[in-house]
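K.L.:
Structure provided below as structure tokens; questions to follow.
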Amino acid sequence: MQKFILFILLAAFVLKAHAQNITYYKDVAPIIQSKCSSCHKPGESAPFSLLTYNDVAKRASFIKKVVQSKYMPPWKADNSYVHFANDRSLSQTEINTIVKWVDSKAPEGVATTTAKKENAVSGTMYNRKPDLVLMAKDTFHVQGNNAEIFTIFKIPFELKDSENVEAIEFFSNDKKLIHHANYAVHPVLDTGIDIYKTASFLNLSEDDRTKADQYKPYQKEISFYGGWIPGSSYESYPKGFGWVMPKRGVILLTVHFAPSAIDTNSISGVNLFFTKTPVQRKVKVISFGSGGIGEKEIYPDFYIEPNKIKTFHLDVTNPGEDFSIMYVWPHMHYLGKEFTAYLTKPNGDTVKLAHIPNWDFRWQEIYKFKHLVHVPQGSTVHITGTYDNTTNNPFNPHSPPLTVWSFGDMYSSDEMMTLLMVFLPYKKGDENISLQ
């Protein structure tokens with residue numbers, strides 16, 4: 001009898017121990033799929049894929065190192081200031097799980113049907129295949145002469161009908177080439193205007209800028225304006241929110257290519273995801289600071305002398321109607337050191353918007369709030385940016401440091417202090433609407 005009881009206890013212990021064993025498919029795959037593989041797959045900015053067990057297991061020691069140091073996944077926002085809905089950083093529990101799995105010699109475990117999917121949707125960071133892919137007609141040749149290039153790609157489109165947009169995403173075959181991209185969706189419903197005869201692209205770094213005038217007939221209206229910066233993903237909206245893709249028109253996609261040392265080819269475009277749910281709340285975009293509202297009100301004057309660390313401020317008051325913020329998009333260049341944005345309401349309340357304590361140009365994001373943020377009429381948006389133009393800044397584009405300022409096309413060797421917002425007119429109760 002005692003032997004039987006001992007056998008039962010031993011069997012229970014073995015079963016419990018087996019149940020507690022960490023395996024790839026049971027414990028690690030969900031973390032990799034939700035936080036890593038959207039960037040670590042073909043066509044994205046990461047240097048290798050993390051789509052399969054073998055992809056992850058052969059780099060197990062390296063993955064352990066970068067997650068313990070919190071170098072990966074990259075997330076520069078201060079979560080103690082604002083904890084955004086699209087936070088891709090790992091919790092300590094997730095880090096501990098990965099470390100324990102690696103220390104256990106990376107057991108594979110048994111793949112379930114769900115786990116086998118392994119985030120296999122290629123060509124997008126969104127959770128499904130796009131409903132429409134609009135791509136630049138021509139492959140653009142980037143010369144390896146270490147020069148920055150400003151381009152405009154014209155992408156005409158004609159659909160059976162207008163569509164409600166649930167999400168939009170910029171894509172490129174090599175995002176490492178790109179400093180930033182912006183896209184404007186222009187409806188051209190007048191069939192008397194030919195959307196095909198004009199140039200499919202312009203190289204504004206070589207062509208006469210007046211050649212862009214040929215696109216003016218398309219720019220009478222705009223349905224949407226968005227963009228991409230290194231490290232960012234996609235823009236999506238909750239049910240009933242978004243914008244309407246017109247039946248006919250053009251997308252003017254402006255791409256700023258960073259300096260490249262090698263010749264290569266680039267092809268870019270946008271992925272669109274549609275929904276049958278009508279858009280009842282239309283989103284808009286507004287820009288503050290460099291290239292936007294209040295650019296001339298930045299103080300002190302926006303230039304940074306060599307071997308200086310300087311801080312600049314901008315305060316802009318909302319004179320119009322109440323609005324609600326869905327996303328914020330901070331932007332600086334290589335001298336950026338710290339970025340802070342908040343607003344003060346007329347009653348004196350302070351609302352935190354974003355804090356990036358250790359700016360890194362390589363890892364930016366369009367940050368999504370957990371709930372809509374109400375901005376009453378008369379509120380003031382405050383932006384502060386600190387810049388390091390010394391030899392201690394490893395990303396300084398000049399050696400030795402030179403005076404840097406912001407003007408014209410704002411090359412990456414210049415500077416910017418910008419905050420973009422995706423917003424919509426306020427409705428009572430917006431603060432309670434979840435964006436998660």
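K.L.:
Past 19 Å, Cα to Cα: identify those pairs from Lys160/Lys276; Lys70/Lys105; Lys282/Lys427; Lys26/Lys370; Lys65/Lys175; Lys175/Lys216, in the order given.
P.N.:
Going by Cα-Cα distance, Lys70/Lys105; Lys26/Lys370; Lys65/Lys175; Lys175/Lys216 fall outside the 19 Å limit.
K.L.:
Right, next: Where in the stretch 371-412 does the amide nitrogen come within less than 20 Å of the point 7 Å from the Cα of His83, taken along Cα to Cβ?
P.N.:
Inside the label zone: 371-374.
K.L.:
Give, as a single signed number, the net charge of other residues whose beta carbon lies under 13 Å from the beta carbon of Lys310, with Lys and Arg counted +1 and Asp and Glu -1.
P.N.:
Taking every Cβ under 13 Å from that of Lys310, the sum is -3.
K.L.:
I need the chymotrypsin sites (Phe, Trp or Tyr not before Pro) found in the stretch 110-216, filtered to DSSP loop residues with at most 16 other beta carbons within 10 Å of theirs.
P.N.:
Filter output for the stretch 110-216: Tyr196.
K.L.:
So for the pair Phe62, Ala212, with labels modelled 7 Å out along Cα→Cβ, what separation do we get in nm?
P.N.:
Each label point is offset 7 Å from its Cα along the Cβ direction, giving 4.0 nm.
K.L.:
Hey, with R₀ at 60 Å, roughly what FRET efficiency would Asn432 and His141 work out to, going by the Cβ-Cβ distance, to 0.05?
P.N.:
Efficiency for this residue pair is about 0.75.
K.L.:
Subtracting the Cα-Cα distance from 0.36 nm times the residue separation, let me have the gained length for Glu148 to Lys276 in nm, one decimal.
P.N.:
Once the chain is fully extended between Glu148 and Lys276, it gains 42.0 nm.
K.L.:
Here is a follow-up. For Lys308, list the lysines whose Cα falls under 22 Å from its own Cα; do not include residues on the same chain fewer than 8 positions away.
P.N.:
Lys296, Lys337
K.L.:
Per the Kirkwood definition applied to all pairs of different Cα atoms, how many angstroms is the hydrodynamic radius of the chain?
P.N.:
24.0
K.L.:
Return one whole number: the accessible area per residue of the stretch 161-257 in Å², for a 1.4 Å probe.
P.N.:
Ligands and nucleic acids excluded, the figure is 41 Å² per residue.
K.L.:
Let me ask another. Once Lys and Arg get +1 and Asp and Glu get -1 on their Cβ, which of Ala29, Tyr327, Ser266 lies farthest toward the positive end of the dipole of the chain?
P.N.:
Sorting the options by dipole projection puts first Ala29.
K.L.:
Can I ask one more? To the nearest 20 debye, what charge dipole does the chain have about its Cα centre, counting +1 at the Cβ of each Lys and Arg and -1 at the Cβ of each Asp and Glu?
P.N.:
My answer is approximately 1840 debye.
K.L.:
Also, I was wondering about something else. Could you give the DSSP H helices of the chain that reach 20 angstrom or more along their long axis (alpha carbon positions) and whose average Kyte-Doolittle hydropathy is no lower than -0.5?
P.N.:
2-20
K.L.:
If you don't mind, there's one more thing I want to ask. Would you mind getting me the FRET efficiency between His313 and Asn54? Use the beta-carbon distance for r and R0 = 56 Å, nearest 0.05.
P.N.:
Computed FRET efficiency for His313 and Asn54: 0.65.
K.L.:
I've got another one for you. What's the carbon and sulfur percent of the stretch 336-436's accessible surface, probe 1.4 angstrom, rounded to a whole number?
P.N.:
That fraction is 52 percent.
K.L.:
While we're here: At a 1.4 Å probe, what is the % contribution of carbon and sulfur to the accessible area of the stretch 52-196?
P.N.:
Exposed carbon and sulfur together represent 49 percent of the surface.
K.L.:
Related question: At a 10 angstrom cut-off on C-beta neighbours, averaged per residue, how do the peptides 285-292, 87-94 rank from highest to lowest?
P.N.:
Listed from highest to lowest mean packing, they are 285-292, 87-94.
K.L.:
For the stretch 289-386, which GluC sites (Glu not before Pro) pass both filters: DSSP loop (anything but H, G, I, E, B) and at most 12 other C-beta atoms within 10 Å?
P.N.:
Glu321
K.L.:
Calculated from DSSP H runs of 4 or more alone, at -39500 (n - 2.57) each and per residue, what is the 222 nm mean residue ellipticity of the chain, nearest 500?
P.N.:
The per-residue figure over the chain is -4000 deg cm²/dmol.
The values are calculated or read from the model by the stated rules, or taken from the named source; none is laboratory data. Computed from a predicted model, the values in this text were never measured in an experiment. With ideal geometry, Cβ positions are generated from the backbone for all residues, glycine too; neighbour counts draw on all protein chains shown. These area figures cover heavy atoms from the full protein model, side chains too; ligands, DNA and RNA do not enter into them. Shrake-Rupley method; radii C 1.70, N 1.55, O 1.52, S 1.80 Å.
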